[in-house]
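A.B. asks: What follows is a structure written as C-alpha cells; I'll ask about it next.
The values are calculated or read from the model by the stated rules, or taken from the named source; none is laboratory data. Quick caveat, the model's predicted, so the values are computed rather than measured. Here the Cβ positions follow ideal geometry from the backbone for every residue, glycine too, while neighbour counts run over all protein chains shown. Heavy atoms of the whole protein, side chains included, go into the accessibility calculation; ligands, DNA and RNA do not. Shrake-Rupley method; radii C 1.70, N 1.55, O 1.52, S 1.80 Å.
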Amino acid sequence: MRRNIFIPPPTFKHHLLYPVGIGHYYNFPTHRENRESGFLPEYNLHLVLRGRGYVIHEGERLDLTGGCGFFYPPKEQQQYGSDEDDPWEICFVHFTAVAPLLSMWKLDTPSFFRFAGIQYVQRIFSDMFELMDAFKTGIEPHLSSLVYELILFLLKNSESLKNTNTLDHKEIIHGIADKIHDKPDFHWTTEHMAELSGYSLYHFIRLFQKIIGLKPNEYVKVSRLSAAKNLLISTELPIFEIAENIGFSNTSYFIKVFREWTGFSPQVYRSIYKQV
C-alpha cells in the first residue's frame with residue numbers, strides 16, 4: 001500500500017518549516033530509491049514503524065528495523081529500500097526549512113538514528129493526513145507546526161545508530177521526572193528516585209543530570225516552584241498553605257528559595273501575575 005500526498009506551496013511565505021509531501025508505505029516490498037546528488041531539493045525524513053529495510057551511505061549498508069529513521073538535507077545522494085521478505089512500514093515527510101534553524105539543530109548532514117515513541121510519531125502523521133484530506137489554506141500553520149513538533153520530538157527522543165542504545169535509559173529517567181512533576185509535594189529523596197529507576201544511586205544521578213540537564217534534587221525544587229507559581233496565580237491560598245502543598249515544611253525557607261529563583265517574593269509575584 002502506498003499513500004503519497006503532495007502539498008500545495010503555502011500562501012504565507014514565512015514559515016520556518018513547511019511540508020512539501022507526506023507518505024505512508026506498507027506491504028510494498030519493492031520500495032527502493034536511488035537518488036543522485038543534487039536531485040531532491042527538500043529535506044527528507046523517513047521513520048520506520050515496523051518491518052525491515054536499509055540505507056546505503058558512503059558505501060556502507062545500514063540495516064533498519066522498527067524505531068529507526070534516516071534524514072537527508074537537500075540535494076544529498078540518497079539510497080535506501082525495503083526488505084523484500086519483511087517489508088517495512090514507513091512514514092516520511094519532505095519539507096522546506098529555514099537553513100539556520102536546521103543548522104542550529106545540527107541537521108545539515110545526513111543522519112541515521114533510532115527513536116522512541118512510535119505511537120507518538122504515528123499520531124503526528126495521522127494528523128497531517130487528516131488535515132490534507134480536507135485541505136484548506138487556513139490549515140497551513142497547523143501543518144507547519146506538526147512538522148516542527150515532529151522534528152523537536154525526534155531531537156529529544158532519538159540517538160545515532162552508531163551509539164550504544166540508551167533510549168531505555170531516557171524513557172526511565174523521563175518517567176521519574178514526570179512522577180516528580182505530578183507529585184511535587186511528595187518527600188522525594190535521591191535514594192527513593194534511584195530505587196524507582198532500578199539503577200544504583202551513582203548511576204541514577206549521572207543519568208538524570210545527563211538526560212534532564214539538572215541534578216535530581218534541583219529538578220525537584222524547580223518542579224515545586226513551578227507548582228507554586230500556578231497556585232499563586234490561580235488560587236487565593238495563603239503562602240504558608242501553598243508552601244505545604246508543594247512539599248516545603250518551612251514557609252520562610254520557601255519564600256527565600258522562591259525569591260532566589262524568581263527575583264520576587266511569592267506575594268509580589270502573585271500581585272504582578274494574577275492581574276495579567
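A.B. asks: For LYS170, which lysines qualify as cross-link partners when the Cα separation must be under 26 Å and same-chain residues fewer than eight apart are set aside?
C.D. replies: LYS106, LYS156, LYS162, LYS179, LYS183, LYS210, LYS215, LYS221
A.B. asks: Give the residue list of chymotrypsin sites (Phe, Trp or Tyr not before Pro) in segment 1-98 that are DSSP loop and have at most 15 other beta-carbon atoms within 10 angstrom.
C.D. replies: Taking segment 1-98 and a limit of 15 other Cβ atoms within 10 Å, the loop chymotrypsin sites (Phe, Trp or Tyr not before Pro) found are PHE12, PHE39.
A.B. asks: Considering only protein heavy atoms, what is the solvent-accessible area of SER249 at a probe of 1.4 Å, reported in Å² to the nearest 10?
C.D. replies: We get 120 Å² for SER249.
A.B. asks: Stretched out fully, how many nm does the piece from ARG123 to ASN230 gain, at 0.36 nm a residue minus the Cα gap?
C.D. replies: Fully extending the segment from ARG123 to ASN230 adds 35.6 nm.
A.B. asks: What's the whole-number percent of alpha carbon pairs in the chain lying beyond 30 angstrom?
C.D. replies: 47 percent
A.B. asks: Hey, got the Cα dimensions of segment 203-276 along the principal axes, in Å, largest first?
C.D. replies: Sorted largest first, the three principal extents are 43, 27, 19 Å.
A.B. asks: Given R₀ = 45 Å, what would the calculated FRET efficiency be for THR137 paired with PHE186, taking r from the Cβ atoms and rounding to 0.05?
C.D. replies: Here the calculated transfer efficiency is 0.40.
A.B. asks: Subtracting the Cα-Cα distance from 0.36 nm times the residue separation, let me have the gained length for TYR253 to LEU201 in nm, one decimal. Write down the numbers at each step before the final one.
C.D. replies: Working: separation 52, 0.36 × 52 = 18.72 nm, distance 2.70 nm.
Contour length minus the Cα-Cα distance gives 16.0 nm.
A.B. asks: Counting only heavy atoms of protein chains, what accessible area per residue, in Å², does segment 119-161 have with a probe of 1.4 Å?
C.D. replies: Here the residues of segment 119-161 average 48 Å² of exposed surface.
A.B. asks: Right, next: Per the helix-only calculation at 222 nm, which mean residue ellipticity applies to the chain, given -39500 (n - 2.57) for every DSSP H run of n ≥ 4 and division by its residues, nearest 500 deg cm²/dmol? The partial results should precede the final answer.
C.D. replies: Numbers: 10 runs with 121 residues, N = 276.
Theoretical 222 nm ellipticity from helices: -13500 deg cm²/dmol.
A.B. asks: Could you bin all the Cα-Cα distances of segment 170-247 into 10 Å bins starting at 0 and give me the percent of pairs in each, rounded to whole numbers?
C.D. replies: Bin by bin from 0 Å, the calculated values are 20, 48, 22, 10, 0.
A.B. asks: Could you go through segment 130-136 in sequence order and give the Karplus-derived ³J(HN,Hα) for each residue, using 6.51 cos²θ - 1.76 cosθ + 1.60 with θ = phi - 60°, rounded to whole Hz, and x for Gly and Pro?
C.D. replies: Computed from phi, the couplings for segment 130-136 are 4, 4, 6, 5, 9, 4, 9 Hz.
A.B. asks: Separate question: Convex hull over the alpha-carbon atoms of segment 1-159: what's its volume per residue in Å³?
C.D. replies: So the per-residue Cα hull volume is 105 Å³.
A.B. asks: What list of ³J(HN,Hα) values in whole Hz, one per residue of segment 6-19 in order, does the Karplus curve 6.51 cos²θ - 1.76 cosθ + 1.60 (θ = phi - 60°) give from phi, with Gly and Pro shown as x?
C.D. replies: 8, 9, x, x, x, 6, 9, 9, 10, 6, 6, 9, 7, x
A.B. asks: Provide the per-residue ³J(HN,Hα) series for segment 100-107, in order, calculated from phi with Karplus coefficients 6.51, -1.76, 1.60 and θ = phi - 60°, each as a whole number of Hz, with x at glycine and proline positions.
C.D. replies: x, 5, 5, 5, 4, 7, 6, 10
A.B. asks: When you have a sec, figure out the Kirkwood radius of segment 126-200 from all distinct Cα pair distances and drop it here in Å to one decimal?
C.D. replies: Across segment 126-200, the inverse of the average 1/r is 15.7 Å.
A.B. asks: Sticking with this structure for a sec: Return, for the Cα atoms of segment 82-220, the radius of gyration and Dmax in Å, separated by a comma.
C.D. replies: In order Rg, Dmax, the Cα atoms of segment 82-220 give 18.8, 54 Å.
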